[in-house]
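Asks: One structure, pasted below without further comment.
All of the numbers you see were taken from the coordinates with simple rules; none came from a lab. Everything numeric in this text was worked out from a predicted model, so none of it was measured. Neighbour counts run over all protein chains shown; Cβ positions are idealised from the backbone, glycine included.
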Amino acid sequence: MKNHKFQQIRIRINAPGDSVRFAAETDKLYAKVRGVFASVPSDQVLVGATIGLKINGQDVFDDAHEVRMISCGNQVAPNNKFFRFEEHIEAGGSTVEGRYTDPRGTNPALYPYDVKLYLWLVNETHQPEKHGEKHSEKHP
Amino acid sequence: MYDHLVFIQSQLKQRQIEPALQQFYRIELPVGTSHYQFYAYNELLFLTNAAALPPGTLIHSDSRARVIPLDVQSLEGIEDYSGTISVEFPLPLEVETTMEFIQIVIK
Amino acid sequence: MTKIRYHIIQLDVSEYGQVVEIRHRLPSNYGSCTGYVARHVKGISSDVDIPEIGLVAVEFNSRKQLYFNDLVGYEAQVDQLPEYQELNIPLESGQLVTGFYLDTQKNPYPLIDIKEWFRPYQVAIYLKCELQNGKKHVRSSCIHPVAAEAAAN
């Protein structure tokens, strides 16, 4: 059984201030969502951007939740990039839906662009982790 | 107009704060003062004479911050401050000014 | 059902030196607050980090619970993931979260009028809260008897 997958969801933003609904499904071969990370092409469209997120019908983030809270710079080590969920978020083919709102950037040359939302899907038993700590995986 | 002491006692009860001591407390600020800082840890100071302070005065404490408005009559009620309290006047004081408080020392 | 909620208190700062009061009611089914982050959202633009743009103070449970004091800065560049500062505050149902945000920016251009350089901005306080077991949020409603009678007629 595979243990990890980083699933990408792309959200197209066409114009400044766009508020876009999105819906996707998690890969059904993975049991749960361990974390989420958002990537945009420029800090200019990151500041003030917001995202609402619901996974498997469960509220994760309200619509006013800043994208900055689930994003980080290029200098950060890959293992520390993801916002980790402290509780069990079901994957296994569950619906991922929400709304992404562009902050109305001042540089028109940036548009259109794709937001990339990464879901860290795993099959291991969930154990709450603190930032920077590792824990051993259970192998099937 | 309401009774300051009744209001304070009622609020302390609601906030489950038990006073060890309740007394009056005054700070006299000389001419030329533009900034004054003092400490009120483990106690609450309820400002009772906001109208005596120049409009635009900033009172900033750990628990509350307030800018005295132009229309000070609209400043209903008295408010408490605690921790490190800083008072900043929009201009250096032209007259000696007194700040009056009801001090509640917490048990 | 997920038990963690990231509650957002948004504050708009429109004037230099402004004090923005916080008077916010949390949903009645929140059982505890386990973390917070206070941060600038949008409005300020600078090429360099600003360590302090304002101060924030928050009290819980209608001024019964210990508060936190923190400063809010501005980051010019996206760096680390914002981390929640740990709290452990049991929440009483339907009580107020109170406090203030104070803008403490300094005019970087002393010869220019304050109104020229100040830009309105937004600050957000994220409260990481846990739902209370088995409790649902109930909106308080007060139906005025006159309105009820009019509706019945």
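Asks: Give me the tail of P(r) for chain A as a percent: Cα-Cα pairs with distance above 18 Å.
Replies: Result: 55 percent of Cα pairs exceed 18 Å.
Asks: Are there any trypsin sites (Lys or Arg not before Pro) in segment A:1-93 that are in a DSSP loop and have at most 16 other Cβ atoms within 10 Å? List them by number.
Replies: In loop regions of segment A:1-93 (DSSP not H, G, I, E or B), the sparsely surrounded trypsin sites (Lys or Arg not before Pro) are A:Lys2, A:Lys28.
Asks: Can you give the longest run of chain B that contains no GluC sites (Glu not before Pro) sitting in a DSSP loop with at most 14 other Cβ atoms inside 10 Å?
Replies: The segment B:1-75 is the longest one with no such site.
Asks: Give the relative contact order (percent, whole number) for chain A; include only Cα pairs under 8 Å separated by 6+ residues.
Replies: For chain A, the relative contact order is 44 percent.
Asks: Give me the Kirkwood hydrodynamic radius of chain B, using the inverse of the mean 1/r over all pairs of distinct Cα atoms, in Å to one decimal.
Replies: Its Kirkwood hydrodynamic radius stands at 14.3 Å.
Asks: Turning to a different aspect of this structure: Normalising by the residue count of segment B:4-106, find the relative contact order in percent from Cα pairs under 8 Å and 6+ residues apart.
Replies: Dividing the mean separation by the residue count of segment B:4-106 yields 45 percent.
Asks: What number, rounded to the nearest 500 deg cm²/dmol, is the helix-based mean residue ellipticity at 222 nm of the protein assembly as shown, given -39500 (n - 2.57) per DSSP H run of at least four residues and division by all its residues?
Replies: About -1500 deg cm²/dmol.
Asks: To the nearest 20 Debye, how big is the dipole of chain B about its Cα centre, given +1 on the beta carbon of each Lys and Arg and -1 on that of each Asp and Glu?
Replies: So the dipole magnitude of chain B works out to roughly 320 debye.
Asks: My understanding is that a pair violates if its Cα-Cα distance is over 23 Å; which of A:Lys54/C:Lys64; A:Lys32/A:Lys54; B:Lys107/C:Lys64 do that in this structure?
Replies: Among A:Lys54/C:Lys64; A:Lys32/A:Lys54; B:Lys107/C:Lys64, the Cα-Cα distance tops 23 Å for A:Lys54/C:Lys64.
Asks: If you take the Cα atoms of the protein assembly as shown, find Rg, then find the Kirkwood Rh from the mean of 1/r over all pairs, what is Rg/Rh?
Replies: Rg divided by Rh gives 1.03.
Asks: Using Cα atoms only, what is the angle between the long axis of helix B:4-14 and the major principal axis of chain B, expressed in degrees (0 to 90) to the nearest 10?
Replies: The helix B:4-14 is inclined about 50 degrees to chain B.
Asks: Label points 7 Å out from Cα along the Cβ direction at A:Glu90 and C:Lys106: separation in nm?
Replies: 5.5 nm
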